[in-house]
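Here's the structure, in structure tokens; my notes come after.
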Ligand code: PLP
């Protein structure tokens, strides 16, 4: 494709995207395809001859769009907001168009330095002190794995340079809760800690927040047993019920024993853009690493997860490889982001944030987040006031966990009822919510925060839910 051909096909594509985004609310929320349907729409063999770009647009419309669950749809209340602001989309397109290679400062000084700039802007915007430095990772899962790898190396005094974990005499222990995201367990297992060395610390009642005293007792018990407490992963806004572990208590306990504290604020990090929400992570300054995803509620298009540490030297010491072909004469003066995480090559992801912050502006982003908090409070009130309806967990941010329990219905019958009404709505395409288990029983998470969702959409959702339940 020549640049001129690109120009023409690109204009068409941008027009198509703009129309698509404008008319999104006319489409069903949930993908309306059966398993294999999208795959079977395509030839099993690669295209034998080139096809014009406008044919691909037709394929997008006919075969791909029906296979998309529309998470930008104003009636999407599933999982978590996965906003993709159009301003950040422009940054993503710019990143692709520039075709950069991020493997060293020299391979693209601008990529490194814009990333430095936007990570520092974001640090200021969430109220972290200048003791923190950050980089962009693909996901919070990768950030958590990175955190546990560097925690492991600090606790084991760089066992990677000896026999690794396999040669350590004391098992290294990681602490979290059942409420933590599944990526935390995955990271601990991948980092080699082993399931036997993963402690699920008890939680405090309906808050599902880690119990500080229980954590302290578990750590003491591990020392007594000859184990080495290594890392605590605190959930700041869990996926299930938006639980907030008490970071201030956790860092105090951790400090006594030099245990690493990683704060997983994947979803709730966006709330820290609002000064009035920052009490929810009091104590965060004394943690060791933090990750959060602008690619969720804040609305930077996937993938954009921020990872901050206080001890950059330690991070780099664990992650650095420095092969000769990547060295340059300015290495002592510059950052090499390949040494801040697992991958060597990186995209120019910083442009997504740079576009979004410049074009949308932080005031509008904050206003939208406040609107969503307000909508969540309103929705929770409607549910709580209605007979036989329950709000099952504190509404700390924008997620409302609900259940309808008619008299005499419990156990498996209640589960069938819950899954019945939510699946009926989801399958209809009119709205989408995530059923999820809480203490072994199904409930429904209504996660509010799509850029296009207004109070009117929530009113419509509440009517839909009540009508579905009445239909029984
Ligand atoms: N941690 C929490 C609290 C989350 O809510 C999620 C995603 O829902 C993750 C981690 C994983 O995020 P990612 O998809 O960026 O790996």
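With a ≥ b ≥ c the root eigenvalues of the C-alpha gyration tensor of the chain, is it rounded (a/c under 1.5), prolate (a/b larger than b/c) or oblate? Walk me through the numbers on the way to the answer.
Working: a/c = 1.76, a/b = 1.07, b/c = 1.64.
Here the chain falls in the oblate category.
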Review point. What is the gain in length, in nm to one decimal, between residue 4 and residue 409 on full extension, counting 0.36 nm per residue of separation less the C-alpha to C-alpha distance?
Key: 139.3 nm
Point to revise | Protection proxy ranking, peptides 224-235, 115-126, 330-341, average beta carbon neighbours within 10 Å, highest first | key: 224-235, 115-126, 330-341
Point to revise | Protection proxy ranking of 101-110, 31-40, 69-78 - average other beta-carbon atoms within 10 Å, highest first | key: 69-78, 101-110, 31-40
Review point. Roughly how many whole Å is it from the C-alpha centroid of the stretch 1-77 to that of the stretch 419-461?
Key: 26
**Study point:** Burial ordering of 381, 451, fewest other beta-carbon atoms within 10 Å first
**Key:** 381, 451
Point to revise | Spin-label model distance (nm) - residue 98 vs residue 437, 7 Å beyond Cα toward Cβ | key: 4.6
Review point. How high is the relative contact order of the stretch 362-471, in percent, counting Cα pairs under 8 Å that sit 6 or more residues apart?
Key: 25
Check your understanding: Spin-label point model (7 Å from Cα, Cβ direction): what's the residue 196 to residue 285 distance in nm?
Key -> 4.2
Check your understanding: Could you give the Stokes-Einstein D for the stretch 58-211 in µm² per second, using the C-alpha Kirkwood radius, 4 °C, 1.567 mPa s?
Key -> 65
Exercise for review: Give the whole-number value, in cubic angstrom per residue, of the convex hull volume spanned by the C-alpha atoms of the stretch 300-425.
Suggested key: 219
Practice item. Note down the nm distance, to one decimal, between modelled labels 7 Å out along Cα→Cβ at residue 166 and at residue 34. Key: 4.8
Check your understanding: How would you rank 44, 437, going from fewest to most other Cβ atoms within 10 Å of each one's own Cβ?
Key -> 44, 437
Review point. Expressed as a whole number of Å, what is the distance separating the alpha-carbon centroids of the stretch 174-234 and the stretch 239-277?
Key: 14
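Please give the contour-minus-distance gain from residue 258 to residue 312: 0.36 nm per residue of separation, less the Cα-Cα distance, rounded to one decimal in nm. Don't skip to the answer; put the middle values down first.
Numbers: separation 54, 0.36 × 54 = 19.44 nm, distance 1.69 nm.
Working it through step by step, the gained length comes to 17.8 nm.
Take every DSSP beta bridge with both residues inside the stretch 93-359 and express the antiparallel ones as a percent of the total, to the nearest 5.
Working: 13 of 28 bridges.
DSSP beta bridges in the stretch 93-359 are roughly 45 percent antiparallel.
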Exercise for review: Please list 161-168, 458-465, 347-354 highest first by mean number of surrounding beta-carbon atoms within 10 Å per residue.
Suggested key: 347-354, 458-465, 161-168
Exercise for review: Quick one: work out the % antiparallel among DSSP beta bridges in the chain, nearest 5.
Suggested key: 60
Review point. Rounded, prolate or oblate: which fits the stretch 139-221, taking a ≥ b ≥ c as square roots of the Cα gyration tensor eigenvalues, rounded meaning a/c under 1.5, else prolate when a/b beats b/c?
Key: oblate
Review point. How large is log10 I(q)/I(0) at q = 0.21 Å⁻¹ when the Debye formula is applied to the Cα atoms of the stretch 227-357, each weighted equally and without solvent?
Key: -1.27
Study note, to complete from the structure: By the C-alpha gyration tensor axes a ≥ b ≥ c (rounded if a/c is under 1.5, else prolate when a/b exceeds b/c, else oblate), the shape of the stretch 297-367 is prolate
Review point. If one computes the Cα centroid of the stretch 98-115 and of the stretch 385-402, what distance in Å separates the two points?
Key: 46
**Study point:** Orientation-averaged projected area, Cα convex hull of the stretch 380-446 (nm²)
**Key:** 4.7
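Taking the Cβ of each residue in 441, 152 as the centre, tally the other Cβ atoms inside 10 Å and list the residues starting with the fewest.
Values: 441 15, 152 25.
By the 10 Å Cβ count, ascending: 441, 152.
Evaluate Rg over Rh across the stretch 93-359, taking Cα atoms for both radii and Kirkwood's formula for Rh.
0.97
FYI, it's all coordinate maths here, none of it is from the lab. Only a predicted model underlies this, so the values are computations on that prediction, with no experimental measurement involved. As a convention, Cβ positions derive from the backbone with ideal geometry for all residues, glycine included, and neighbour counts pool all protein chains shown.
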